[in-house]
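Report on the structure given below.
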Amino acid sequence: MPLPTPDTTLQAALDAERAGDRENAGALCRRLLEQGSTGRHALAAHDMLARLLVGQDMAAAAGHALAAWKLTPADPTRRSNLWQLLTHLGEAGDVARFQGRQDCVGLVALGNALRRDGQALRAERAYRQALEQFPEMPVTLSRLACLCAEQHRLEEADALFLQAAERHGGRDAVTRTAPAFLTSLRDGPAPAGIRATLAEGAGSADRPLVVYASCDAVYARKFLPTLVRSIVEDSGLDCAIALHLINPDAEAEATVASLAATHGAGRFIVLRETIDLTPLGDNAKTYYACSRFLVLPDLLIRWRRPVLMLDVDLLAIRDLNPLLATSAHSDLGVMSHALKRLDIWSLLYADVLHIRPTMEAWRFLDLTRRYIRHFLDRGLPVWFLDQAALAAVHLAGFAGQAAPRLTIYPVDIHSSTVMVDAEGRYWTDDSAYFYSVRATGGGQHAVHRLKRRAGTTAGVKQG
């Protein structure tokens, strides 16, 4: 009986993966590699093993992702997969597990684990050893740069980010932490805003707060009804609602018209922005995330009221006044997660931002706009540009002068669980203020299905 060919084995592995037989799919991929398969067969086997292992052994998954990347070093998807795995690998309790490993994955994982365990000097040694032994791996430059930024070694971090950007681009290409760079942005020409029309409802000026959300036409249809309903019915806020629509289509306009009819047109403010995003291709999503920052400083001056800027896929799941009270004496309230600071892009989140109408808040937002515009104008619409800007401005934007006062919201302002029935009644954590698809990794149900909060998950479990 003839031995199966590499093509036959690979097809059997793909069939097994599609059928949900992960164990057999992994065994077939390992057989391909053990038999010395090369080229597309080895590449496919490494790719599949990385997918299969990521949920059970991230280090092993990273090893296969590294092997796949080495076979196709110019492939942006495999480079991104490897970057993600090596960024998240290594928890505080994993130090002993990776101690003594001399391979690239082991050294980076050890550095990450040591950082999370509070052993920054030993983490730096691990990263530098990885750089010395595996200089072709740009992700290590990024890890070391983030460590330096955490320690406010800002010029050193900046140089490392620049080196990483030269090698592989990505988020490192839009991350700068040198105070001199931020100063040059602040002292440069005024940045361009956006071209938009602005329609303000007759009663919007009487409200003491503006809740502001921005999105494209697809997200407008999918998320605006639920967000607006939650603000009106569940947030406890006396607010105007500003909706910033980027390239709205007829369905998006109908959605907004329906919301105005349901909740009172007088409280709505609608910005309509039309822009050709064809040159950005798949990176248009970065512009959707960043455009609000390009106009926010101007809106703050125009409205002269506090602004609560929210991602459009959020729901307010209870009274927000207690949360906003915690940042009532700061210039900005913004969410952060200390354990995510291995990445500078997660230092400050962009999904919930409470802005008071102070000159210090305006200075922070104006510099954020300058930073974002700098990279957009240079053809670098990299995802997470908005959060790279927030982090850079926070770390390096006010050297030698008083910085704006920030209130840091804990990450558990987001609900980690949602349960929903067929009628759209949902149950969430009682301690959180928001639920979102993105912040909780997708949750069990799409946000647009959630109609009315019925109670807490604790009540459901007890019942």
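The values are calculated or read from the model by the stated rules, or taken from the named source; none is laboratory data. Treat the numbers as computed from the prediction; the structure is a model and nothing was measured. Glycine gets a Cβ as well: all are built from the backbone with ideal geometry, and neighbour counts include every protein chain shown.
Somewhere in region 168-179, is a residue among the aliphatic types (A, V, I, L, M), touching an Asp or Glu at 6+ places or on another chain (Cβ under 7 Å), more than 30 Å from Ile269 (Cβ to Cβ) and outside any helix (DSSP H, G or I)?
Taking region 168-179 and keeping what is among the aliphatic types (A, V, I, L, M), we get 173-174, 178.
When the remaining residues are screened for being touching an Asp or Glu at 6+ places or on another chain (Cβ under 7 Å), the result is 178.
From what's left, more than 30 Å from Ile269 (Cβ to Cβ): 178.
From what is left, the residues that are outside any helix (DSSP H, G or I) are 178.
Yes: region 168-179 contains one or more residues that are among the aliphatic types (A, V, I, L, M), touching an Asp or Glu at 6+ places or on another chain (Cβ under 7 Å), more than 30 Å from Ile269 (Cβ to Cβ) and outside any helix (DSSP H, G or I).
When you go through (1) free of Cβ contacts under 8 Å to residues at least 12 places away in the same chain; (2) touching a Ser or Thr at 6+ places or on another chain (Cβ under 7 Å) one by one for Ala325, which number turns out not to apply?
Result: Ala325 passes all but (2).
Scan region 173-214 residue by residue and report those that are of a type in the set (S, T, N, Q) and either farther than 20 Å from Ala159 by Cα or touching a Pro at 6+ places or on another chain (Cβ under 8 Å) (or both).
Let us first name the residues in region 173-214 that are of a type in the set (S, T, N, Q), namely 175, 177, 183-184, 197, 204, 214.
Passing the criteria: Thr197, Ser204, Ser214.
Contact list please: Cβ distance under 9 Å, first residue in region 4-25 and in contact (Cβ under 8 Å) with a residue 12 or more places away in the chain and farther than 11 Å from Leu52 by Cα, second residue part of a helix (DSSP H, G or I) and of a type in the set (Asp, Glu), pairs at least six apart or on different chains.
Going by the 9 Å Cβ cut-off, the qualifying pairs are Ala16/Glu23.
Answer yes or no as to whether Ala62 is in contact with a His (Cβ under 6 Å, 6 or more places away or on another chain), hydrophobic (A, V, I, L, M, F, W, C), in contact (Cβ under 8 Å) with a residue 24 or more places away in the chain and under 20 Å from Gly90 (Cβ atoms).
Working: in contact with a His (Cβ under 6 Å, 6 or more places away or on another chain): no; hydrophobic (A, V, I, L, M, F, W, C): yes; in contact (Cβ under 8 Å) with a residue 24 or more places away in the chain: yes; under 20 Å from Gly90 (Cβ atoms): yes.
The answer is no for Ala62.
Please tell me if Arg79 is in contact with a helix residue (DSSP H, G or I) (Cβ under 8 Å, 6 or more places away or on another chain), touching a residue at least 60 places away in the same chain (Cβ under 8 Å), within 24 Å of Tyr127 (Cα to Cα) and in a helix (DSSP H, G or I).
On the way: in contact with a helix residue (DSSP H, G or I) (Cβ under 8 Å, 6 or more places away or on another chain): yes; touching a residue at least 60 places away in the same chain (Cβ under 8 Å): yes; within 24 Å of Tyr127 (Cα to Cα): yes; in a helix (DSSP H, G or I): yes.
The answer is yes for Arg79.
Can you name the residue in region 31-56 that is within 24 Å of the chain's Cα centre (by Cα) and assigned to a loop (DSSP other than H, G, I, E, B) and is also surrounded by the most Cβ atoms within 10 Å (Cβ to Cβ) among such residues?
Checked region 31-56; the qualifying residue surrounded by the most Cβ atoms within 10 Å (Cβ to Cβ) is Val54.
Could you list, in sequence order, the residues of region 180-190 that are of a type outside the set (Ser, Thr, Tyr), touching a residue at least 60 places away in the same chain (Cβ under 8 Å) and in a helix (DSSP H, G or I)? Walk me through it before giving the result.
At the first step, the residues of region 180-190 found to be of a type outside the set (Ser, Thr, Tyr) are 180-182, 185-190.
Of the ones still in play, those that are also touching a residue at least 60 places away in the same chain (Cβ under 8 Å) are 181-182, 185-186, 188.
Scanning region 180-190 gives Phe181, Leu182, Leu185, Arg186.
What residue, of Val174, Val139, is surrounded by 24 or more Cβ atoms within 10 Å (Cβ to Cβ), in contact (Cβ under 8 Å) with a residue 40 or more places away in the chain and over 23 Å from Ala62 (Cα atoms)? Break it down stepwise before answering.
Working: Val139 fails: over 23 Å from Ala62 (Cα atoms).
Testing whether each residue is surrounded by 24 or more Cβ atoms within 10 Å (Cβ to Cβ), in contact (Cβ under 8 Å) with a residue 40 or more places away in the chain and over 23 Å from Ala62 (Cα atoms) leaves just Val174.
Tell me, yes or no, whether region 202-216 has at least one residue that is closer than 21 Å to Lys451 by Cα, among the aliphatic types (A, V, I, L, M) and in contact (Cβ under 8 Å) with a residue 12 or more places away in the chain.
Taking every residue of region 202-216 in turn, at least one turns out to be closer than 21 Å to Lys451 by Cα, among the aliphatic types (A, V, I, L, M) and in contact (Cβ under 8 Å) with a residue 12 or more places away in the chain.
Kindly provide the set of residues from region 67-104 that are in the same structural domain as Arg30 (by TED's automatic domain parsing), polar (S, T, N, Q) and over 25 Å from the mean Cα position of the chain (by Cα), ordered by number.
Of everything in region 67-104, just one residue is in the same structural domain as Arg30 (by TED's automatic domain parsing), polar (S, T, N, Q) and over 25 Å from the mean Cα position of the chain (by Cα), namely Thr72.
Anything in region 38-66 that is small (Gly, Ala, Ser) and farther than 25 Å from Arg115 by Cβ? List them, or say none. Let's see the steps before the verdict.
Taking region 38-66 first, the residues small (Gly, Ala, Ser) are 39, 42, 44-45, 50, 55, 59-63, 65.
Gly39, Ala42, Ala44, Ala45, listed by residue number.
Just wondering, is there one or more residues in region 69-81 that are farther than 20 Å from Asp47 by Cβ and buried (at least 17 other Cβ atoms within 10 Å of the Cβ)?
Pass one, region 69-81, residues farther than 20 Å from Asp47 by Cβ: none.
Looking through region 69-81, none of the residues is farther than 20 Å from Asp47 by Cβ and buried (at least 17 other Cβ atoms within 10 Å of the Cβ).
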